[in-house]
Structure formats: C-alpha cells, structure tokens
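Participant: I am attaching a structure below and will ask some questions about it afterwards.
Where a number appears in this text, it was derived from the coordinates with a stated rule and is not lab data. Nothing here was measured: the structure is a model prediction, and the numbers come from that model. As a convention, Cβ positions derive from the backbone with ideal geometry for all residues, glycine included, and neighbour counts pool all protein chains shown.
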C-alpha cells in the first residue's frame, strides 16, 4: 500500500510542475475512511487513517484540482463507510410449537449490528437446518436463502410424522462475507399432534375473576387470600407451561413498580394453601408480552404442569395474585377493571 501511494504522489508532482503557480507549495488533503458500505458518521479503525480515493462518488469536498493563485489544493474527498468484521446474529422464532396439521410455518430473522464495531452492512443470506428427534442428524433445509420464513412439510424437505419433534437452527452471511457460527443447540422446535391443549382456570367459586370489594387507598398492597386463589388445571394430554400478560387499566399504566397513575401486579404459582409471604420483582406481570413461568419467574410453579392422567397435585397449580396500587392518581374512579391474560404452551420436550 505504501508503494502505491508513493507512486501516486510522484505522478502528481510531475503533472503539477507543468503549471506551477507562484508563491507557494503543494497542499495535498486526504479524507479518512474506515471500511464498509453505509453513508453514516465516519469511523476510524484501530490502525489509524488509511488513504483512499472517493470510490467514484461525489463527496463533501471537490475531487478536482483547485488553486488559490499561490498553491494547488488536491482534495479527493472520501466515502464514509462502516467497519464490519463480525458475523450477524440470527434466531429461529419460537412461536407455535404444537401443530394440528403435518406442516409448520417456521420464521427466522437476524441483525447485522454489533456494539463493538458499529453498524453492519446487512444480511445477505440465511442457512436453515433441521433434524428429526433430539438425537437426529442436522440436515440442510435452505442454503444461501433470502427468505425469512418457510413451510416445513408435510413431505418437503422431510416427511412430518405425528408425535415426532422437529428441531430447527439457522445462521446468516452478511454482505462483507462474515459467516455466523451454528448455534450450540437448537433454536426452535415443532411437533405435529392432532390433539389440542385443554386446560381451565377458575377460583373456588367457579369464577374467573377476583373481586376486591373494600376501598383501597393509594400506595396500598392487596394480596389474594385462600378464598380468592385461582386453580389452573391441565385437562389435556400434553404437559404445559403457563404464560401471563397484563394490560393497562382505565387511566392507569401497568409497570414493574407502582408510581403516578401506574399500578403493579404480581403473580405466583405454587401448590400451597396459603399465599406466599413475599412477592418479588420476578413475579411482576407486564403488558409487553407473555412472560412464561419457570423455576424463578412467577414462583416455583406454573410450568411442566402434567397431563390429565397425572396425579392431581402434578396436573394443577394455585395462582396467587397481588395488587400494588399507584402512589398518586390524576384519574380517580370508584371502580376499576384490570385484565389478566393467561396462555398455555406445550412444555419443550
């Protein structure tokens, strides 16, 4: 690179000597570049500035020779580009996993952006693989594909059999040629099963609502007692996990903590006959999407609820709720309706 630049400089001198103005030296000005392909704010690699031409594009300065009467000024300009040495990040979306038809619509996507080297150039291709069963061999489904979704089955790229789990993983190639490594484990799974999920949720009065009849003050906390606990019961043939999502109320937002015009809601699954002594931050219900129960989220229960043939303790869970009233209100009402949505999915095999 140094030799090339030196030759260019010598050629430039030879040309300019034929019309050298009086009174001054040459002034050669180069812009900077970093590498990449987007016209955003310039960056500099860790190695410093590197000379380059303007790649055939107009720039913020002229790419022609100028003179002010005393000196020539050569300003070739630069193209601002991004440095991208890292591969993109992709994921197969884990949406509906249990299908009642022998074909699955699988979706995937990714992002070619890193925090360490700036904005990426973008994704060029995706590779998607599948395997049949947990011990099956990974096989290619799509290679160098620009699609972000596809129909798997019923016969292509593999025959879909009932009660068989199919696993999926993907990787991406970005525009500069960086290739993502295959993930260490599968990213999504799907199974064809003609049966559907069947489950119920109700309190001991056979209702699906909790009525708080007493007046509640600001910044007050109300916990459901044993008369208002909800019973979640699996009546289907699959082991299930429960997800929970809240909603804003009239004039009130829902948040992880209470605040001005903001209430909080906590949920906790267990097999006890009394409410938990403590609800913590991991039990917070939010309105940003379904959060799924685990050993640490929404208490120790709410997941791997066994099918209807299991023991009654294994196929049921108690759901305890706690309401955190706002600290202040600019909108007051004599009554308020708060909605809580529950959703079941098949436990990952």
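Participant: What is the distance in Å between the Cα centroid of segment 170-238 and that of segment 124-158?
Facilitator: Centre-to-centre (Cα) distance: 28 Å.
Participant: What's the extension gain from residue 200 to residue 159 if we count 0.36 nm per residue and subtract their Cα-Cα distance?
Facilitator: In short, 11.4 nm is gained.
Participant: When 226, 213, 97, 293 are ordered from fewest to most other Cβ atoms inside 10 Å of their Cβ, what list results?
Facilitator: Lowest count first: 213, 226, 97, 293.
Participant: Where both residues lie in segment 89-192, what percent of DSSP beta bridges are antiparallel, nearest 5?
Facilitator: Just about 90 percent of them are antiparallel.
Participant: Also, I was wondering about something else. What's the FRET efficiency of residue 343 with residue 85 using the Cβ-Cβ distance as r and R₀ = 51 Å, to the nearest 0.05?
Facilitator: About 0.80, to the nearest 0.05.
Participant: Taking R0 as 22 Å, what's the FRET efficiency between residue 226 and residue 288 from their Cβ-Cβ distance, rounded to 0.05?
Facilitator: With R0 = 22 Å, the Cβ-Cβ based efficiency is 0.10.
Participant: Related question: Of 181, 162, how do they rank once you tally other Cβ atoms within 10 Å and put the fewest first?
Facilitator: The most exposed by this proxy come first: 181, 162.
Participant: Roughly how many Å is it from the Cα centre of segment 298-349 to that of segment 258-294, as a whole number?
Facilitator: Here the two parts' Cα centres lie 8 Å apart.
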